[in-house]
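K.L.:
This is the structure I have questions about; it appears just below.
The values are calculated or read from the model by the stated rules, or taken from the named source; none is laboratory data. Source: prediction; values computed, not measured. Cβ coordinates were reconstructed from backbone atoms using ideal geometry, including for glycine residues, and neighbour counts include every protein chain displayed. Accessible surface is based on the protein model in full, side chains and every heavy atom, while ligands, DNA and RNA are left aside. Shrake-Rupley method; radii C 1.70, N 1.55, O 1.52, S 1.80 Å.
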Amino acid sequence: MVSSPVVNTYPLSSYTFGTKEPKMEKDTSVADRLARMKVKYYMKEGMRTSVEAILLVQEHNHPHILLLQIGNTFCKLPGGRLKPGENEIEGLKRKLTSKLGANSPALVPDWQIGESVAIWWRPNFETMMYPYCPPHITKPKECKKLFLVHLSEKEYFAVPKNLKLLAVPLFELYDNVQRYGPVISTIPQQLSRFQFNMISI
């Protein structure tokens with residue numbers, strides 16, 4: 001029998017949360033983002049490549065995922081677009097530091113980027129993404145990769161003042177496409193091959 005990879009998860013209470021200056025979102029909706037993506041990026045650089053982080057903590061011995069909430073409804077994983085030719089791992093570290101790192105370099109987490117757990121494709125300038133690239137699509141518009149990030153026992157996160165950082169249990173995400181969308185709601189299935197080591201402190 002093949003053993004599952006082990007992920008250490010630490011209690012939410014072992015992490016410290018502060019705030020920093022707001023990070024203004026360039027788009028107020030997915031439709032706005034797609035329109036900007038089409039004009040600004042795709043015409044110049046081709047397919048957008050983005051990387052996002054699955055940050056796991058535990059509460060009551062159940063895995064929770066850290067999500068950034070914009071306004072009262074929209075949640076997203078921390079991460080973002082890579083620069084042309086940028087390495088995925090280095091790019092994700094840069095985006096995580098931008099989204100959640102403190103202004104003091106000494107307090108920035110040592111991001112341990114782990115396994116790639118999912119790849120999603122956007123065939124057209126539409127909201128739908130798929131966990132495969134449809135065979136008739138020769139020029140997809142976006143490729144999004146999700147990575148598991150292994151957190152240390154204690155970290156300090158600086159959250160932009162206009163965002164909230166939520167710890168959402170896997171059971172709430174599971175099959176909850178209406179609230180979290182197809183990418184985030186399938187994370188519980190993607191993580192099912194891992195064994196969680198719930199560490200109490």
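Yes or no, residue by residue, for (1) touching an Asp or Glu at 6+ places or on another chain (Cβ under 7 Å); (2) under 20 Å from VAL7 (Cα atoms):
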position: MET47; (1), (2): yes, no
position: PRO84; (1), (2): yes, no
position: PRO109; (1), (2): yes, yes
position: PRO140; (1), (2): no, no
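K.L.:
Further question: Residue by residue through the stretch 69-83, note down the ones that are open to solvent by less than 20 Å² (accessible area, probe 1.4 Å) and either modelled with pLDDT of 95 or more or part of a loop (DSSP other than H, G, I, E, B) (or both). Steps first, please.
P.N.:
Step one: filter the stretch 69-83 for residues open to solvent by less than 20 Å² (accessible area, probe 1.4 Å), giving 69, 75, 77-80, 82.
Correct list: LEU77, PRO78, GLY79, LEU82.
K.L.:
Considering only residues that are of a type in the set (Val, Ile, Thr) and open to solvent by 50 Å² or more (accessible area, probe 1.4 Å), which ones fall in the stretch 113-127?
P.N.:
Restricting attention to the stretch 113-127, the residues satisfying the condition of being of a type in the set (Val, Ile, Thr) are 113, 117, 119, 127.
ILE119, THR127, listed by residue number.
K.L.:
Quickly run through the stretch 91-112 and pick out the residues that are outside any loop (DSSP other than H, G, I, E, B), surrounded by 14 or more Cβ atoms within 10 Å (Cβ to Cβ), free of Cβ contacts under 8 Å to residues at least 60 places away in the same chain and under 16 Å from the mean Cα position of the chain (by Cα).
P.N.:
GLY91, LEU92, LYS93, ARG94, LYS95, LEU96, THR97
K.L.:
I'm told PRO22 meets every condition in (1) in contact with a Pro (Cβ under 6 Å, 6 or more places away or on another chain); (2) closer than 26 Å to SER192 by Cβ except one. Can you identify the failing condition by its number?
P.N.:
Going through the list (1) in contact with a Pro (Cβ under 6 Å, 6 or more places away or on another chain); (2) closer than 26 Å to SER192 by Cβ, PRO22 breaks only (2).
K.L.:
Among residues belonging to the stretch 121-158 that are in a loop (DSSP other than H, G, I, E, B) and among the aromatic types (Phe, Trp, Tyr), point out the one that is farthest from GLY46 (Cα to Cα). Full working, then the answer.
P.N.:
Of all residues in the stretch 121-158, those in a loop (DSSP other than H, G, I, E, B) come to 123-129, 131-141, 151-155.
From what is left, the residues that are among the aromatic types (Phe, Trp, Tyr) are 125, 132.
On the way: PHE125: 12, TYR132: 19 Å.
The selected residue is TYR132.
K.L.:
Assuming TYR130 fulfils every condition listed in (1) closer than 13 Å to SER50 by Cα; (2) open to solvent by 60 Å² or more (accessible area, probe 1.4 Å) apart from one, which condition is it?
P.N.:
(1)
K.L.:
Would you pick out the residues in the stretch 2-43 that are open to solvent by less than 80 Å² (accessible area, probe 1.4 Å), at pLDDT below 80 and either among the basic types (Lys, Arg) or part of a helix (DSSP H, G or I) (or both)?
P.N.:
LYS23, VAL30, ALA31, ASP32, ARG33, LEU34, ALA35, ARG36, MET37, TYR41, TYR42
K.L.:
What pairs come up if the first residue lies in the stretch 1-22 and is farther than 22 Å from ASN162 by Cα and touching a residue at least 40 places away in the same chain (Cβ under 8 Å), the second is assigned to a loop (DSSP other than H, G, I, E, B) and open to solvent by 80 Å² or more (accessible area, probe 1.4 Å), and their beta carbons are under 7 Å apart, counting only those six or more places apart or on different chains?
P.N.:
Every condition considered, the pairs that remain are TYR10/GLU153; TYR10/ILE201; PRO11/SER200; PRO11/ILE201; SER14/GLU153; SER14/LYS154; SER14/ILE201.
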